[in-house]
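The values are calculated or read from the model by the stated rules, or taken from the named source; none is laboratory data. Fair warning: this is a prediction, and the values are worked out from it, not measured in the lab. Cβ placement follows ideal geometry from the backbone for every residue including glycine, while neighbour counts extend to all protein chains displayed. Just the protein is used for accessible areas: all its heavy atoms, side chains included, with ligands, DNA and RNA removed. Shrake-Rupley method; radii C 1.70, N 1.55, O 1.52, S 1.80 Å.
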Amino acid sequence: MISESPSVMSRYEFVFTLIEDLKRVLHDISIEDIEQKEHEKDLVTNVDKEVNNFIIDAISNLYDDTIIGEENSKKGNNKNVWYIDPIDGTTNFLYRKRDYAISIAFEGDKEKFGFVYDVKDDVLYHAEISSGAFIDNKPFKRPETPAYGILHITPNYLKEEKYEKYAELFQGLRYLEVCSIEIIRVAIGEASSFYRKSQNEWDYKAAVIFAKMVGVPVVITENNTVHVGTPFDA
């Protein structure tokens, strides 16, 4: 369990230890309760809640920061803000047992970083603005990729002509329903573009930091439409 003084360990270093603790938490708990939130496809489990609370408690033990989480939040120093999604892709977690992630981002006056931990594949994507982007502990540089390879887009958008025309430019379409991993797929060169409306900050903050650090274009509108990758003039 994390107990090191914040004067000894930076927030960025702290998250590496936190991720290791979270691996043990996930190993020790199982799905017992499933609840519906705003609609029937918006689900939350006891695992989402327990992981969310574990992260908040771990951060709060060391730092008096504001924490914005999907399942719970905490007010603190507004100059330092965390964004956490304990299980991004809860439906995938429930039914597919893969393509879900823990997403943790931090924005402060001295540090800015993002962590996306792909739980099933046990791969950690992280980036810090003064250090660069990494996959696990290896520095990452994005390879050259086609502008119109794979597009990650919500299927319902394709009912509109402007999105259909954009999608027709690509070689393939994907929809994983997990914002952080889909953005990461673009950032590491496995896809060319990601487009989704009405996202929450905890959905995309960490992955977007990684994407920006590897040079991928990112556009976020006032209504939190997130577009990462090949430009789209809608």
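Highest mobility in the GNM of the chain, judged by mean-square fluctuation with C-alpha springs under 10 Å and restricted to H152, H27, H126, is found for H27.
Beyond 18 Å between alpha-carbons counts as too far, so tell me which of K23/K120; K79/K112; K49/K74; K74/K110 fall in that bin. Going by Cα-Cα distance, K74/K110 fall outside the 18 Å limit.
Distance between the C-alpha centres of the stretch 87-130 and the stretch 133-156: 15 Å, rounded to the whole angstrom. Taking 0.36 nm per residue of separation and subtracting the current Cα-Cα distance, fully stretching the chain between D57 and I29 would add 8.4 nm. For the stretch 10-106, averaging the sequence separation of C-alpha pairs within contact (under 8 Å, six or more residues apart) and dividing by the residue count gives a relative contact order of 18 percent. What is the chain's relative contact order, in percent, from Cα pairs under 8 angstrom and six or more apart in sequence? Rounded, it is 14 percent for the chain. One decimal place: the segment S10-Y175 gains 55.8 nm when fully extended, by the rule 0.36 nm per residue minus the C-alpha distance. For the stretch 123-140, backbone phi angles converted through the Karplus equation (6.51, -1.76, 1.60; θ = phi - 60°) give residue-by-residue couplings of 10, 10, 9, 8, 8, 9, 4, 9, 10, x, 10, 9, 10, 6, 9, 9, x, 10 Hz, Gly and Pro being listed as x. Both radii were evaluated on the Cα set of the stretch 99-158; the Rg over Rh quotient, with Rh as the Kirkwood radius, amounts to 1.05.
Mean-square fluctuations from a GNM of the chain, with a 10 angstrom spring cutoff on Cα atoms, peak among K23, K37, K162 at K37.
From the Cα gyration tensor of the stretch 13-82, with a ≥ b ≥ c the square roots of its eigenvalues, which class applies: rounded if a/c is under 1.5, or else prolate if a/b is larger than b/c, or else oblate? Here the stretch 13-82 falls in the oblate category.
Over the residues of the chain, the helix contribution to mean residue ellipticity at 222 nm works out to -9000 deg cm²/dmol, using -39500 (n - 2.57) for each DSSP H run of at least 4.
Carbon-plus-sulfur accessible fraction, the stretch 89-228 (probe radius 1.4 Å, protein heavy atoms only): 47%. Convex hull volume of the C-alpha atoms in the stretch 55-155, normalised per residue: 155 Å³. In square angstrom, rounded to the nearest 10, how much accessible surface does I34 have for a 1.4 Å probe? I34 exposes around 100 Å² with every protein chain in place. Only Lys, Arg, Asp and Glu carry charge here, each on its Cβ (+1 for the first two, -1 for the last two); on that basis the stretch 72-185 has a dipole of about 180 debye about its Cα centre. Legend: residues S73, S130, sorted from most to least accessible area (1.4 Å probe; ligands, DNA and RNA excluded), read S130, S73. Averaging 1/r over each pair of different alpha-carbon atoms in the stretch 104-229 and inverting the result gives 14.8 Å, the Kirkwood hydrodynamic radius. Just to verify a number: what accessible area does E168 come out at with the full protein assembly present, 1.4 Å probe, Å² rounded to tens? Probe radius 1.4 Å; accessible area of E168 about 130 Å².
Among D136, D233, D57, D21, the order of accessible area from largest down is D233, D57, D136, D21, computed with a 1.4 Å probe on protein heavy atoms. Taking a ≥ b ≥ c as the square roots of the Cα gyration tensor eigenvalues, the stretch 135-189 comes out oblate, since a/c reaches at least 1.5 and a/b does not exceed b/c. Could you tell me the relative contact order of the stretch 115-234? Use alpha-carbon pairs under 8 Å, at least six residues apart, and round to a whole percent. In percent, rounded to a whole number, it is 27. Note on the chain: Rg/Rh from C-alpha atoms, Kirkwood Rh, equals 0.96. Would you mind classifying the stretch 70-117 by shape? Square roots of the alpha carbon gyration tensor eigenvalues, ordered a ≥ b ≥ c; an a/c under 1.5 is rounded, otherwise it is prolate if a/b is larger than b/c and oblate if not. Because a/c hits 1.5 or more and a/b fails to exceed b/c, the stretch 70-117 counts as oblate.
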